[in-house]
1. Residues of segment 406-424 being in a strand (DSSP E or B) and surrounded by fewer than 23 Cβ atoms within 10 Å (Cβ to Cβ), which ones?
2. Residue check: is residue 58 crowded, with 22+ Cβ neighbours inside 10 Å, among the small types (Gly, Ala, Ser) and closer than 24 Å to residue 395 by Cα?
3. So, of the residues in segment 152-175 that are buried (at least 19 other Cβ atoms within 10 Å of the Cβ), hydrophobic (A, V, I, L, M, F, W, C) and more than 10 Å from residue 486 (Cα to Cα), which turns out to be nearest to the chain's Cα centre (by Cα)?
4. For segment 333-357, how many residues meet the condition of being surrounded by fewer than 22 Cβ atoms within 10 Å (Cβ to Cβ) and either over 25 Å from residue 281 (Cβ atoms) or under 21 Å from the mean Cα position of the chain (by Cα) (or both)?
5. Filter segment 188-214 for residues that are part of a loop (DSSP other than H, G, I, E, B) and not charged (D, E, K, R) and give the result.
6. Within segment 133-149, which residues are open to solvent by 10 Å² or more (accessible area, probe 1.4 Å) and under 25 Å from the mean Cα position of the chain (by Cα)?
7. Would you please name the residue that is surrounded by the fewest Cβ atoms within 10 Å (Cβ to Cβ), looking only at residues in segment 90-112 that are part of a loop (DSSP other than H, G, I, E, B) and modelled with pLDDT of 95 or more?
8. Contact list please: Cβ distance under 7 Å, first residue in segment 352-363 and on the phi > 0 side of the Ramachandran plot, second residue open to solvent by less than 10 Å² (accessible area, probe 1.4 Å) and outside any helix (DSSP H, G or I), pairs at least six apart or on different chains.
Amino acid sequence: MASDPSNLTACSCCRLSRRSFLAGCASAGAGALALEALPLRSALATERTKVRLVYAYAPSTSPIWPNIGYDFEARKTELTEKLRKACPEVEFLPVTASNGGEAKKVLEGDKEVDGYLVWILGIWSGAPKEIIASGRPTLLVDHLYGGSGEFLIEYAASRRAGRKVAGVSSSRIEDIAEAARCFSMLKQGAGVDAFVAACDERRRKATPASEPACRPDPVKTRDIAECLQLVKGKKLLAVGGGWGMPESGKAAAEVLGIEVVPVAFPELHAAFETADPEEATRYAEAWTKRAAKVIEPSAEEIRRSGAMCAAIRKVMKDRGADGITINCLGGFYEGHLKAYPCLGFTELNDSGLVGGCEGDIKSALTMMVVGTLTDRPGYISDPVIDTSRNQIIYVHCVAPTSVFGPKAPASPFHIRSHSEDRKGAVVRSLMPTGYMTTSLEIDCGSRQILVHRAKAVENVDEDKACRSKLAAEVKGDMEKLLGEWDRWGWHRVTFYGDLREPIGELAKALRMKVVEEA
């Protein structure tokens, strides 16, 4: 293999065959079934299938998933070697595309490859969208905890648009190799529909079935009318801009009676600069004492997080607010904030208030409403899907420790750096396992509530991506769960408890539609 996969040029083999697969096979399903009678030829018997292997990622010189400074070169070398060993009948031609323009150049030089395997190693390069738009046979692959958000959104969008795209999101290299072998069908005359259907069938067969039995957890919920009365009049602050403002704020007021108030960064920064040093130290000492481990952050960094917590509470008190969401990444990266709010958010959520990440108003409102219904905190996350385990992994650098409510025992946690840039201080919460969870998004604009359930099974220890990683076995259809990320975005809000019935009652009272995504 070349020392730099991105230097490989386009191949110059025969043009992609788009002959129809077996006369009379009009549908993808029929094509896939008929193909069983046509075994794949050995690489010795015919020319190997040529697949352009596109590694898509934004450079790790900036904060990004998997993390700043991630060694993409070493990972590309490792993955290419594994694929070549697992698929000797396929000739993989590696190249790197770090943006849409680079992806277009790859396509311009590739008139004769049989298809594209786009391995999304890191998020938001824009390269996968360009490859998909070409209409060439494409297999999207997620590098778990690296490309997950872009994979989920682009895969769901492409399938909804009727694109001929297959996808794999699995921790097993064998599952990726199984799908990659399907490219050989194209050399034998199979159509693109049959190729996609075969990849889908292999993914379904490799996804284990499960009907998770959970520990008892009788959730005491408020009467719906009482809940909505308590919600009405609450106030959510959106610092530094929020997703969907002002439309989302207007919809929240109309549907829930919650006021969303924009707050500029300077107001929070001024409160941080004038925070009581003793109050900041008290927060820092309490967190450090409670933590099972303190790994990267210094005592001074934790104290600065304490000052930010004090500042958040002051702004909320001055504004008479019940919750806050902050454009934390933009604020920190652009110098508006001098400390991350992550530890402060955990403090708020554990105490029954709302601290919402990234200026995500929809998720913060979901935390506020369902938190009022259950007296339990919500956990905003960037989910990752591992079909090989029938799991969804809820991943973020803010997580509660009192998942059963402020009066319940807290779970252990570690204090770590923020993952994307290796700065600041955050919580890695080791959340309880064996319990049913319910993940939601409430969209006031469309009057819909998105929901799925899963059994918490593991706190994943993985350095890539955000620090808290709660793995859960999906209750329902994993294939369906791959479908809503383009319309609803990447975030989900997870609560402990089986909330399917009370959420149905809430939706009925609000005249909303429940969308069960699994």
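1. Once the filter is applied, which keeps residues that are in a strand (DSSP E or B) and surrounded by fewer than 23 Cβ atoms within 10 Å (Cβ to Cβ), segment 406-424 yields 414, 417, 423.
2. no
3. Across segment 152-175, the extreme among qualifying residues is 168.
4. The number of residues fulfilling the criteria is 2.
5. Correct list: 188, 189, 190, 191, 207, 208, 209, 210, 212, 213, 214.
6. Across segment 133-149, the qualifying residues are 133, 144, 145.
7. Checked segment 90-112; the qualifying residue surrounded by the fewest Cβ atoms within 10 Å (Cβ to Cβ) is 99.
8. These pairs meet every condition: 359/238; 359/325; 359/326.
The values are calculated or read from the model by the stated rules, or taken from the named source; none is laboratory data. Keep in mind that what you see is a predicted model, and the values were worked out from it rather than measured. Note: ideal-geometry Cβ built from the backbone for every residue, glycine included; neighbour counts use all protein chains shown. These accessible areas exclude ligands, DNA and RNA; they are computed on the full protein's heavy atoms, side chains included. Shrake-Rupley method; radii C 1.70, N 1.55, O 1.52, S 1.80 Å.
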